[in-house]
Structure formats: C-alpha cells, structure tokens
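> Pasting a structure below so you can have a look.
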Ligand SMILES: [Zn+2]
Ligand SMILES: [Zn+2]
C-alpha cells in the first residue's frame, strides 16, 4: 500500500504537494482534504507512491471521494490546460469541478497563553471603565475568553450566534494574540447512496448468482441501488467478484434526485432543407467514426444551424452515447431551456451562470452518474463529466464569452477541441462569422468545412444601406444621433405595424462628463476611464469597476458650473426615440435593464408578442433571437470599436454588424438594415454591408499577416499589475531588462509599455506582448519568465499571463 500521495491544490503555486496517507486510501482523480499552511484545502490526488519528500509530509485529513471525480481523460485535459495556459494544476482542477459546496468551510478559535493572562488579570482587577462602547466591547471580549477557557476551542459560528461576537471583534482578539484561529473545514456529509452500475457487456461465464445480478441490472437500464440487490439473496462476495472483473462498479452518489432512465424520444421530425440534411449527414458520419475530428459549420444568420445541432445530438442520445453543447453567456434563456427539456426530457443537464453552488454540484452528479447524457451550458460545461462522449458542439464559436478572464484563462472553444481529441469525439464549431483562427484552420484543411449558404425557406438576407454620418453632418450642420434615413424607415415600419431594433453598443445616458471651463473630464477614481452619466439612476458610473459617484453640479476640478454631458448611450437613445415617436412602445435591452436571464426573456417575449414596436439596446440585442416581426435593424453606433487599439477591432465590428443585421427579416416579410457610420470606407463596414464574410476574411488575413498577428503567430499578453505605481514600474522594469538581456529564442517581445487601460480597479498596469511562430517557443519563454519572476520574489498574483488573449486592453 502506498505511503504518500501528491495533491494538486488550488493555490497560485506551480507544483503539487506531497502528503502522508496514514492508513487512509484515496484514489487518483479523487479529492482529499489536507492542511496547507494554516488552512484546510480540498485538492485532487494526482499520484500515489512511496517516495518520501525531503521535508516532513503532513497527513491527509479526510478523503472526500471514494471514486475518481476526474477520469483519466479529464485529468489529461486539466494537465493540458495547466501547461498551455501556464496555470497551476490545482486551480485548473478547481475550475473543472463545481463541487466547492461539498466542503463545509469553518473556522475555530481557542484561547492562548496571553488570553489566559488577560482573563486572570481582569478577574483580579475588574473591568476598567472607559467609554460606553469600548466598555461593552471589552465585556464581550472577556465573555469570549471565558467561554473558550472552559472548552477545547469553539467554532466561529458558535461564538457569533451564542455570544454575539462579531467577526471584527474576533479578528481584533486574534491580532492582540489573545486567541488563535484555525481552519476546521470538513466534508459536508450529503446523504449518499450506493449504486451498482454496469460498466461493460459481460464476456466470459457467469455463475447463477452473478447472472441474477446482471439480469437485475439489465432490467433497470444498467444501474440499480445497491440496497435493491439484497432481495436477490446472493452473497456480498458475488458483487465483489463482478467489481474485480471490471463488469460493474459501486458508485457513491448523493441522494435526493431521481435517476430514472426515461425512454429516449424518437428523433424529432425536423423539416430540414437539403443543405441542413447534408450537414447533418456529414456530422453523423463523423460521430460514427468514433474518432477525433473538427468541423466548422459556417452558416449565414437564419440558416438553421441550431436545428442541425439538435438533430445530431438526439441521434447521439438515441445511440446511447453523450453530447455536450456550449453556448455563449446570453444564449441560455429560460425559453431556450424549456425547449431543450422538451426535446431531451430528463436526460439534459443545463448549466448556466445563475445556478447556485449546490445546484451546480447536483447537476454535476446527475451527469457523472449517467442520468443526464446531454449537457448544454456556457464555457465551463466543457468539463461536464459525461461518459462515452460522441459529440461536442460549440455554438457561436467566435463569441468572446468563451474566454475566461480570470485564472485559468482558458478558451472554452479551444478546450472543447482538446477534449474532443482526448475523448475521440467529433467537434462541431458553428458560426455565421467564424473567428479568423477557425476559418483559417478550415481553409487550410485542418478542419472540415460545412456550409449553410442560404437562409431557411428561401428568405433573403436583409438589404443593408450605409448612412455616412459625416455627410449627414455637412448637410444638416448639426451633430445628430439618428439620421434622416433611419427616422424615415422607422416611421414606415411603425405605420405598417412592423417592428424595429436599434443597436447602440454603449450603455448609460452620456459616456463623457466634461467641464467646458477647464476641459477636464470626470474620471473614475479607480480606473483611467471616463465616468458614464446614468440619468435615471442619477449617478455617474464606471463601467469597468462599478464605482459610482453623485452627478456633479460643479466641476470637481475648477468648481465652474459649465459641466456638460457629451455623447449618447442606449439610455439617451431610448429618450430620443420617445421624442421622435411619442406613441411608439419602446423597450430597452442592456446591462442596466437586464439584471438576470428572466429580465432578458421578459423583454424579448414582449417583442415577440407584439407588445413592443421598437427595441433599443447594446450588443445584447444582436445575439441569436428569432423575432419574426422585426423587419428593420438600425445601427447607430457599432463602429466605435474601430478606434480601439486592439488587433481584433475590425473582426469584432464585422461580427457585431453581421449578427445584428441578421436579426432583420427572419419572418415572411423581408428585412432591411440601416447602418450609420463614421467609417464608411472601412473594410469591416464595407464587407458587412455586402454580407461578404469571405471578402472580409481575405482582407483581414492580409492585415494579420503583415502585422504578425494570429492566426500567423501565437500571442501572449503578460500584464504586470499593482496598486502602487512604483511597484508596477519596478517589476515591469526588472522583467523588461531580463528579457532584453536574455531574449527568448524565436519570440518577439514588445514592451514593457503602459497597458491601454493604464489603470483599472485601483491597479496600475504595464504589459508585454510576446509573439512567436512557434507555440512551443512561446510557451517556454513564458515559463522562463515566470521562473525568473519567482526567483526575483515578484508575487505570482502581480503577474497575469494571458495566452491567446481575446483583448489586449
Ligand atoms: Zn472645470
Ligand atoms: Zn473604475
């Protein structure tokens, strides 16, 4: 029996830690609770061995899982993520396992020598009278000491409820050295049951008792509670033999939800058109090959990609295998969830950001024990512990919400591809505007390409009309938000009883607050960013850190009264439209009106039901809704992004314009798009006007080639951040000089330079950009840089390494 285990812990350190087993027997891929510094942490066991570490190993405190929670495929995927994105393995595993709710966090206190002394002295002297407040506080401190003196420690929760000692009071007593705290986190004992699960078909002979068990399993779909086997009256050892032969396993599962195996519904009769049928046929073929493949399903907006995914997933389910579909953050509305339940019944697990930790854990177990074999969810659903994975679909694969902007900074689409590779599954990426990298892979033959070139039911793509706002300004002599053309077209729609959507990708009332006297703009106190005026809320808000301030009556700098609010956000656009069309019913979709999925759904269903004439909003309105009454889409500001210092600005603008234009004309009446722009010559605008993805792709590819950007190079952004400017400067200087002296081979280093957002959430930010033709060389340069930083005692938390960044801001 091995003596030690290596554990990956969720701490920002690049190694695993060795613990002594002390008679307990965990499993590789299962979790254990261990002491780390002065806390208790849950980590995943990566190895069992007999190699004693150089320092004394602490004991494992508890075993959280009797069976692995990460199978070898998922362990391998985690190791790949850790290596590729330079993230500690323990942090990666924590992201992959939504099981935090199963560890009960707790802290306990006990009295110290110093505390005893204080208690004795107070008993002799009586309390010294000071102000009322501090006297009360002192009394409470003595009560806590007294309570602890008669016990072998007490939990924080007990002290807070029975003595009313606040967290601050206890922390103060710890600082004074009177009491000591310790982490006593433990496993939360969920009610669990043992279930017998058949793993494979029987090969070889069975005796009569064994056959009884296998027959019972077969009659109940391959899974049966262990207790149910008692009635068979077979000896326990029979089950043990079957386990040893690998035919069944005994899984410990939390109780409290039904694990019924419903009859899989017959494949819904989708009326697929020939292009859809062909796409489904191709996907079916690839799934049937049972080996890794990637297919890019490139279909224009309204071409019916979703019907193809769902039909393919149903076939997978009917074949007894599993499928995962990733969708962007905003895609999972309650309506979408209801549709999925309609199609897949109890066998679908839906993972969205509104789930509580406990619900997330429950879904995880449903997937793990085979009750749910179809998983639909946002980014982290890529880690769903399904067995026999046949198909992974990534819908709207270009969406930036697939990128996690915190450690580990993985990209859900790219992880989906690696998961497909490790599991031998077919991966389908779907989009009307594929990411440059994805289309390049398809064009170069690395991915298969499937196309849906037409909308369903021969509906035409909407007509796009450009309105040059510079010309509009010259004609009218005034800065207008809504052009004559757009006003006129909206009026026609209202007269005909049709609906329109207007996109302005900027929320709030006015994005700039300016003093005309001294020229100063009001900036966030935490970020180098202008505050946005929100008129209804009567606040200034920072859209990067959520800092709020009252609306100034006079300039904060020079006290002049000439404070002006400049520019237009979606809130103001709504007001302007009310002014232009007083009788129209207008709704707004942006982060201020939408707090959760329900709000989003409510506004959309009002539009669907014809209770709204006009819908205004940010990019939220651009994503995936199918509202048949909308015949006009107006774009008032989608090209601000073209001014951003980011190499993906053109790509993002093209994608947004195409997506929002795609909302028009999805019903029987044809659609039209009015695109107001200040950059009418820009190729992103020109190609969007013509619905010409390939044209855009070719042009953008040239630019990427000249500028050595992806897909021609691999890119990483290394950010140095600190709430002290001198420290941020010092660290970036140290790293910069080292990179200059030791230029990594085959890697171009740009910087250090102030990041485009030079200050964000109270932190000063400097960055380096590393580019390389070779993924390997980039990875080893980053690794060397991190090693050097660690040797220089630069805290890991001050460095952000972002591999394949979606934004360089
Ligand atoms: Zn001023
Ligand atoms: Zn801010």
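> Picking from 117, 104, which residue would you name as being within 38 Å of the chain's Cα centre (by Cα) and more than 30 Å from residue 804 (Cα to Cα)?
Going through 117, 104 in turn, the sole match is 104.
> Now a separate question. Right, residue 564: touching a strand residue (DSSP E or B) at 6+ places or on another chain (Cβ under 7 Å), in a strand (DSSP E or B) and surrounded by fewer than 19 Cβ atoms within 10 Å (Cβ to Cβ) or not? I'd like the intermediate steps shown before the answer.
Values: touching a strand residue (DSSP E or B) at 6+ places or on another chain (Cβ under 7 Å): yes; in a strand (DSSP E or B): yes; surrounded by fewer than 19 Cβ atoms within 10 Å (Cβ to Cβ): yes.
For residue 564, the condition - touching a strand residue (DSSP E or B) at 6+ places or on another chain (Cβ under 7 Å), in a strand (DSSP E or B) and surrounded by fewer than 19 Cβ atoms within 10 Å (Cβ to Cβ) - is met.
> Taking region 296-351 as the region of interest, how many residues are touching a residue at least 60 places away in the same chain (Cβ under 8 Å) and assigned to a strand (DSSP E or B)?
Of the residues in that region, 9 qualify.
Here's the yes/no breakdown for (1) surrounded by 14 or more Cβ atoms within 10 Å (Cβ to Cβ); (2) on the phi > 0 side of the Ramachandran plot; (3) touching a residue at least 12 places away in the same chain (Cβ under 8 Å):
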site	(1), (2), (3)
164	no, yes, yes
222	yes, yes, yes
225	yes, no, yes
233	no, yes, no
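> So, one more: Kindly indicate whether any position in region 631-644 is buried (at least 23 other Cβ atoms within 10 Å of the Cβ) and assigned to a helix (DSSP H, G or I).
no
> Quick check on this structure: which one of 336, 358, 318 is surrounded by fewer than 24 Cβ atoms within 10 Å (Cβ to Cβ) and either more than 21 Å from the chain's Cα centre (by Cα) or closer than 18 Å to residue 74 by Cα (or both)?
None of the others qualify; the one that does is 318.
> While we're here: Which members of region 516-539 meet the condition of being away from ligand 1 (no atom under 15 Å from the Cβ) and within 15 Å of residue 592 (Cβ to Cβ)?
532, 533, 534, 535, 536, 537, 538, 539
> Now for a different question. Under 7 Å by Cβ, and 6 or more places apart or on different chains, what pairs join a residue from region 546-573 that is free of Cβ contacts under 8 Å to residues at least 40 places away in the same chain and within 20 Å of residue 507 (Cα to Cα) with one that is assigned to a loop (DSSP other than H, G, I, E, B) and away from ligand 2 (no atom under 16 Å from the Cβ)?
551/538
> Mind listing whichever residues of region 76-90 are surrounded by fewer than 22 Cβ atoms within 10 Å (Cβ to Cβ) and assigned to a helix (DSSP H, G or I)?
Scanning region 76-90 gives 76, 79, 80, 82, 83, 84.
> Among the candidates 614, 607, 642, which residue alone is touching a helix residue (DSSP H, G or I) at 6+ places or on another chain (Cβ under 8 Å) and either within 27 Å of residue 495 (Cβ to Cβ) or within 16 Å of ligand 2 (Cβ to nearest atom) (or both)?
614
> Considering only region 61-87, state which residues are at pLDDT below 95 and under 19 Å from residue 4 (Cβ atoms).
Listed by number, the residues that qualify are 61, 62, 63, 64, 65, 68.
> Would you check if residue 559 is farther than 25 Å from residue 587 by Cβ, within 16 Å of ligand 1 (Cβ to nearest atom), at pLDDT below 95 and part of a strand (DSSP E or B)?
no
> Please go through region 283-315 and give me each residue that is surrounded by fewer than 20 Cβ atoms within 10 Å (Cβ to Cβ) and more than 27 Å from the chain's Cα centre (by Cα), ordered by number.
284, 285, 288, 289, 290, 291, 315, listed by residue number.
> Kindly provide the set of residues from region 7-32 that are modelled with pLDDT of 90 or more and within 16 Å of residue 65 (Cα to Cα), ordered by number.
Listed by number, the residues that qualify are 7, 8, 9, 21, 26, 27, 28, 29, 30, 31, 32.
> Might you let me know whether region 392-404 holds any residue that is more than 23 Å from residue 304 (Cα to Cα) and outside any loop (DSSP other than H, G, I, E, B)?
Checked against the condition, which is being more than 23 Å from residue 304 (Cα to Cα) and outside any loop (DSSP other than H, G, I, E, B), region 392-404 yields at least one hit.
Every residue, every condition in (1) over 30 Å from residue 297 (Cα atoms); (2) touching a helix residue (DSSP H, G or I) at 6+ places or on another chain (Cβ under 8 Å); (3) free of Cβ contacts under 8 Å to residues at least 60 places away in the same chain, yes or no:
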{"residue": "684", "(1), (2), (3)": "no, yes, yes"}
{"residue": "689", "(1), (2), (3)": "no, no, no"}
{"residue": "693", "(1), (2), (3)": "no, yes, no"}
{"residue": "699", "(1), (2), (3)": "no, yes, yes"}
{"residue": "705", "(1), (2), (3)": "no, no, yes"}
{"residue": "716", "(1), (2), (3)": "no, yes, no"}
{"residue": "732", "(1), (2), (3)": "yes, no, yes"}
{"residue": "737", "(1), (2), (3)": "yes, no, yes"}
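> Consider residue 544 against the criteria (1) in a loop (DSSP other than H, G, I, E, B); (2) at pLDDT 90 or above: it satisfies all of them except one. Which criterion is unmet?
In the conditions (1) in a loop (DSSP other than H, G, I, E, B); (2) at pLDDT 90 or above, residue 544 misses (2) alone.
> Looking only at region 739-767, how many residues end up being at positive phi, in contact with a helix residue (DSSP H, G or I) (Cβ under 8 Å, 6 or more places away or on another chain) and in contact (Cβ under 8 Å) with a residue 40 or more places away in the chain?
So the count comes out to 0.
> Taking region 780-809 as the region of interest, how many residues are part of a helix (DSSP H, G or I), in contact with a strand residue (DSSP E or B) (Cβ under 8 Å, 6 or more places away or on another chain) and in contact (Cβ under 8 Å) with a residue 60 or more places away in the chain?
From region 780-809, those part of a helix (DSSP H, G or I) are 780-791, 796-798; that's our starting set.
Filter again for in contact with a strand residue (DSSP E or B) (Cβ under 8 Å, 6 or more places away or on another chain), leaving 781-782, 785-786, 789, 798.
This time we only want the ones that are in contact (Cβ under 8 Å) with a residue 60 or more places away in the chain, so: 782, 785-786, 798.
Number satisfying all stated conditions: 4.
> Something else about it: Would you mention how many residues in region 540-551 are within 16 Å of ligand 1 (Cβ to nearest atom), under 11 Å from residue 523 (Cα atoms) and surrounded by 16 or more Cβ atoms within 10 Å (Cβ to Cβ)?
Final tally of qualifying residues: 1.
> Hand me the list of strands (runs of 3 or more DSSP E) wholly inside region 446-541 holding 1 or more residues that are touching a residue at least 40 places away in the same chain (Cβ under 8 Å) and within 16 Å of ligand 2 (Cβ to nearest atom).
In region 446-541, the matching strands (runs of 3 or more DSSP E) lie at 512-515, 532-534.
> Out of region 465-515, which residues are over 19 Å from residue 575 (Cβ atoms), within 16 Å of ligand 1 (Cβ to nearest atom) and buried (at least 20 other Cβ atoms within 10 Å of the Cβ)?
Answer for region 465-515, where residues must be over 19 Å from residue 575 (Cβ atoms), within 16 Å of ligand 1 (Cβ to nearest atom) and buried (at least 20 other Cβ atoms within 10 Å of the Cβ): just 515.
> From the residues in region 97-111 that are part of a helix (DSSP H, G or I) and in contact with a strand residue (DSSP E or B) (Cβ under 9 Å, 6 or more places away or on another chain), which one is modelled with the highest pLDDT?
Out of the qualifying residues, it is 100.
> Is it the case that region 700-713 has a residue that's closer than 21 Å to residue 85 by Cβ and part of a strand (DSSP E or B)?
No, region 700-713 contains no residue that is closer than 21 Å to residue 85 by Cβ and part of a strand (DSSP E or B).
The values are calculated or read from the model by the stated rules, or taken from the named source; none is laboratory data. Because the structure is a prediction, the values reported are computed rather than measured. Using ideal geometry, Cβ is built from the backbone for each residue, glycine included, and neighbour counts are taken over all protein chains shown.
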